[in-house]
Each structure stands twice: as C-alpha cells, then as structure tokens.
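For reference, the structure discussed in these notes is given below.
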Amino acid sequence: MKSGKIPNQVLQVGFVFLLVGTSMILVRQHFIPESFGELGHYRADAVGVIASHEIQFAGWQACMECHEDQVAAKNNSFHRTLSCETCHGAAAEHASGEAEEDPPLPTGRALCLTCHRYLVSRPTGFPQIIEELHEPAKLCHTCHDPHDPTPSERPESCSGCHAAIARVKAVSHHAPLDCEVCHEVAPEHFLRPRSNIPRKPFERAFCGNCHAAGVDTPANFRGVDLTAFEVPKVDQDTHGGTLLCWQCHYQHSPEAR
Amino acid sequence: MSKTYERREFLADLVKFPCATLLLGVSGPIKALASAGNEYQASEHNYAMGVQIEKCIGCGKCVEACKIENDVPMEPYYFRTWVERYIIYTDGEVSVDSPNGGINGFPPVESDKDILRTFFVPKLCNHCENPPCVQVCPVGATFKSQDGVVLVDDDYCIGCRYCIQACPYGARFLDPRTHTAGKCTFCYHRITEGLLPACVEICPTQARIFGELDKLSTPLNRMMRQSNIQVLKAHMNTEPKVFYSDLDGEVR
C-alpha cells in the first residue's frame, strides 16, 4: 500500500459521517422554525400571532367618543370605578361600528345584585342589600340612576322602609290605595322619621267615609277616585259594637267580606 | 502657509456650533416620541399586576370578561383567571370555594359556625420571573417574552401537559379544542395596543391594577409602595409578578 492514500475503510466511515451530518443539518433546518432562537428559546413569530388576537372589550375611552354625557356622569358618581362594559358587555364591535345590534341595556335586578347582594365576604362598607327586603317588586333603576347611583336623601317611596307592610298591602283589597290616603305624612317624616310620625286614623268614622251603609263611595277621596271599586258597606251603628274597625280587621289586608 | 482664523469665521462658528449641538440633543427624544406612537417596543416594558384584596367584592365580572375576551371555553373547568372565597372560622377551620371560578358570583355562606375572617382572592398566572412552566417545556412552546409576560405558542405546543404539572399556582389548563396549553397572557393583544387587560378594564372596584414594574410613577408602583405586599408561594422562588396587598397568611 502506497503511503499518502487514504485507506478505503476510513473513506467509508467518513462518507457515513458526512451523510449523517448533512441529513442532521437538513432535518434541523426543516423542523426548526425560521424565527426560533431570535429572541430566546422560542419562536419569535409567535409573539406577533398572540398579539394579533381579536379585541372584544373596547375600553371606556372608546365609549367616551360618542357617549360623552353618560361617561362624564358615571365618572363623577359612585360608579366612577366601573368601566362601561362592566354592565353593558363587550362592545368592541359596537365601538368600531360593525355591530348590527346595540350593546344590551341591562334592566333586571340580577346584574345589580351580582355586586350589591349581601355577602359576608364582601369588604366592609361596600353597599349591599338583602334582596328579599329591599323593594323586592321593583327594578333597581326605578329609584337609582345606574350612571349616578347616589342614594337619594329621602326614600323614594314608603316601601323603602316599610317593605313588610307594602308587600302585604300589594296583594290585598286595599292595593289601589296609596299610603297617604289613610296616613297624613309630613314631608319631614322622610328626613327625620321618628320625630315626625305620620298620623293614623283614630276613629270608626274614618273607615265610614267609604264603608258606612248609605254613604256613596267617594269620587274624590284625598285625590283618589274610588267609584270604580266594589266597596263593601256596613251599618256602623250596629256592626262591631264599641270596637274600633282595626280591632277586628287588619287595615293593610282587610278580609274579604 | 497657515490659514488664519478670521474674526468673521469665528463669529459664524460661534452661532453654528450651539445650534448644531442643540439639534442633535433634541433629535433623540423626538425620534423616541415618534417611535413610541407607532411601534410597540417589547423590550421597553416589564409588566406586572397588583391585586387589592380589600377591594375585591367577588362579583366574578373579571372571570366572565376574561373568558369572553380570550375565547376560553365556558365549561367550568377552564380558567385563565378565577376568584376564590376564603372563610376562616373561629375554630381555625379554613374553607376555600370557587363555584365555577366565581363567574356567577358566590352563594351565601351556609355554615352556622362563627366566622373569624372572610375575603375574596382573585387568581391568575403569576407571570413569574423564574417560570417553572418555561423550564419544563420540551419544545420551547412556552416562553417569557421580552416584556416579562409568560406566553404559549399555540402552533408549537405539543400538548404534553408538563407545564400544567409544573405550575405551582394551577394557572394552566389544556384547551379541549386545540389540545394545547392555555393560560393568562395579561391580554397580550390588548396591552400591546395600549389597552388594559380585560379583567382590569372590567373590575368594578379597581381591585386589579396593571402596569409597568420598572417605572416609578405608575399606579401599580404607587399601590406597591403604599401597601403591605405579598406574593403567592414566595418560598418556591418563582418570583411571581402578581402582587397582592394585605393578603391573609392562610392564602395558598
């Protein structure tokens, strides 16, 4: 064998090495994405893909462009920390003008109660209500403006405090009568209730205004027309003896005749 | 022959040099301002979140907003963020619940026992400085981006679930549709556009604060300076970047 010539077996092994080496480089190039390792041990292009996800919530600044009044009112109220989309839902499509329908206008009690229903775990001082006791038949926005929910200084109605009576009366024969028909309520009662107690009827003759036999049902009793109702009549001279009406009948839910 | 410096030339230069230096000095900030307007520079940011426990009312609006914004399956097993309710009774028992992640709020407490303390804890990916999930990913599909957000490359994830096992906070899940790992991205598509993450935008009491960690005058840093700050599972050395103010010692 001449010196200087590479032996055959070395050439064969070298060829195998070359083949394995090039195929490894080719496989690597094929499988490893182009941008891998540009910024770290990951595909740099992935950042752009993640950043191109569609936006659903536009942000309250976008609402400001058209609904300046409402946003300004909200930002000066107790609801200043809320975003418009907290209540009205995701509105990016609406903000870009592509939506066919307007964002929902929540009217039920459920949405308000999500935050304002009493839960012992909520922070002290956060305004909460017990939904069964706080005007159960009314919608929140009849008394509270959602964009400026400052509670009014005086209750909007008697049932704000006297809910138990209001609930009973609402399903009774006396349902059409406002509280003021029987009670004289001074305006100060709404501000200082205990030092200005409303007057209650104190004599049989008061009920007799409507219920005494021989008396026509009044067409204007303290501003209420009662002629449409079928009012039961009794002879007050003989009915009940010396008892007062409310010693047998509960005036907020009088028994059927 | 040497050139003499004429008085006229000297006076002209006297005017030229300050003008030139002034222009050079101003052009830098002008360029920076112009580029800040158009293009997002990831390396200039380091994001983090603050959570004020004493402000969370447990309404679950953040959970709902997150699912809508990020197209997370509505089934009650998949959450990028969720709210837990802690109840600590006087006898020392601690109960934690999170019905459907708190997305529909919480039911009243049914136990008759006396309650010592109770509060809500919103949870999400902590976007750790040393993320264990990134360490274990065999293909480099999950990574920490230049702006400090831990992200998942959906096209590259093989769905091996190692990261779900590795996360000490349970912040990851396997998306049943794509069979890739899902997690909070700090709403990366929103923050790169200058918007807030959906949960922060929607929180009615601003219990969540999002912002830059490395800049001093941000709402986040103000909150962190003025509050007693804790992180979750500090002993694991993950260096979480979700900072809780006034967190109770019972919270895990």
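The values are calculated or read from the model by the stated rules, or taken from the named source; none is laboratory data. Worth saying up front: this structure is predicted, and the values here are computed from it rather than measured. In this analysis, Cβ positions are derived from the backbone assuming ideal geometry, glycine residues included, and neighbour counts consider all displayed protein chains.
Return the pairs, sorted by first residue and then second, in which the second residue is outside any loop (DSSP other than H, G, I, E, B) and of a type in the set (Gly, Ala, Ser), the first residue lies in region B:169-197 and is within 14 Å of chain A (Cβ to nearest Cβ), the beta carbons are less than 7 Å apart, and the residues are 6+ apart or on different chains.
Between residues of region B:169-197 that are within 14 Å of chain A (Cβ to nearest Cβ) and residues that are outside any loop (DSSP other than H, G, I, E, B) and of a type in the set (Gly, Ala, Ser), the close pairs are B:ASP175/B:GLY182; B:CYS187/B:ALA198; B:TYR188/A:ALA51; B:HIS189/A:ALA51; B:ARG190/B:ALA198; B:THR192/A:ALA51.
Does A:HIS141 satisfy the criteria of being more than 9 Å from every other protein chain (Cβ to nearest Cβ) and under 19 Å from the mean Cα position of the chain (by Cα)?
Spelling it out, A:HIS141 is indeed more than 9 Å from every other protein chain (Cβ to nearest Cβ) and under 19 Å from the mean Cα position of the chain (by Cα).
Tally time: how many residues in region A:214-239 are part of a loop (DSSP other than H, G, I, E, B) and within 18 Å of A:HIS173 (Cβ to Cβ)?
14
Using the structure shown, decide if A:PRO151 is of a type outside the set (D, E, K, R), surrounded by 14 or more Cβ atoms within 10 Å (Cβ to Cβ), under 37 Å from the mean Cα position of the chain (by Cα) and in a loop (DSSP other than H, G, I, E, B).
Considered against the rule, which asks whether it is of a type outside the set (D, E, K, R), surrounded by 14 or more Cβ atoms within 10 Å (Cβ to Cβ), under 37 Å from the mean Cα position of the chain (by Cα) and in a loop (DSSP other than H, G, I, E, B), A:PRO151 comes out as no.
Here is a list: B:GLU93, B:GLU129. Which entry is of a type in the set (D, E, K, R), within 25 Å of B:THR192 (Cβ to Cβ), surrounded by fewer than 18 Cβ atoms within 10 Å (Cβ to Cβ) and more than 10 Å from chain A (Cβ to nearest Cβ)?
B:GLU129
Assuming B:GLY211 fulfils every condition listed in (1) away from chain A (no Cβ under 11 Å); (2) in a loop (DSSP other than H, G, I, E, B) apart from one, which condition is it?
(2)
Filter region B:150-162 down to residues that are away from chain A (no Cβ under 13 Å) and either in contact with a helix residue (DSSP H, G or I) (Cβ under 7 Å, 6 or more places away or on another chain) or among the small types (Gly, Ala, Ser) (or both) and give me whichever is surrounded by the most Cβ atoms within 10 Å (Cβ to Cβ).
B:TYR162
Does A:SER121 satisfy the criteria of being assigned to a loop (DSSP other than H, G, I, E, B) and at pLDDT 90 or above?
So A:SER121 passes the test.
In this structure, is B:THR218 buried (at least 17 other Cβ atoms within 10 Å of the Cβ), within 19 Å of B:ASN126 (Cβ to Cβ) and in contact with a Gly (Cβ under 7 Å, 6 or more places away or on another chain)?
Considered against the rule, which asks whether it is buried (at least 17 other Cβ atoms within 10 Å of the Cβ), within 19 Å of B:ASN126 (Cβ to Cβ) and in contact with a Gly (Cβ under 7 Å, 6 or more places away or on another chain), B:THR218 comes out as yes.
Residues being more than 14 Å from chain B (Cβ to nearest Cβ) and either crowded, with 17+ Cβ neighbours inside 10 Å or not in a helix (DSSP H, G or I) (or both): count how many of those fall in region A:72-98.
3
Looking at region B:96-126 only, could you name the residues that are more than 9 Å from chain A (Cβ to nearest Cβ) and surrounded by 15 or more Cβ atoms within 10 Å (Cβ to Cβ)?
If the condition is that a residue be more than 9 Å from chain A (Cβ to nearest Cβ) and surrounded by 15 or more Cβ atoms within 10 Å (Cβ to Cβ), then B:SER98, B:ASN100, B:GLY101, B:GLY102, B:ILE103, B:VAL121, B:PRO122, B:LYS123, B:LEU124, B:CYS125, B:ASN126 are the ones that fit.
Taking region B:198-208 only, how many residues are at the interface with another protein chain (Cβ under 7 Å from one of its Cβ atoms) and buried (at least 22 other Cβ atoms within 10 Å of the Cβ)?
Count: 3.
Any idea which of A:HIS94, A:HIS79 is in contact (Cβ under 8 Å) with a residue 40 or more places away in the chain and within 46 Å of the chain's Cα centre (by Cα)?
Among A:HIS94, A:HIS79, only A:HIS79 is in contact (Cβ under 8 Å) with a residue 40 or more places away in the chain and within 46 Å of the chain's Cα centre (by Cα).
Given (1) farther than 30 Å from B:THR180 by Cβ; (2) within 12 Å of chain B (Cβ to nearest Cβ), identify the lone condition not met by A:ALA51.
Going through (1) farther than 30 Å from B:THR180 by Cβ; (2) within 12 Å of chain B (Cβ to nearest Cβ) one by one, A:ALA51 breaks only (1).
Return a yes/no flag: does region A:120-133 have any residue that is within 14 Å of chain B (Cβ to nearest Cβ) and in contact (Cβ under 8 Å) with a residue 60 or more places away in the chain.
Within region A:120-133, none of the residues are within 14 Å of chain B (Cβ to nearest Cβ) and in contact (Cβ under 8 Å) with a residue 60 or more places away in the chain.
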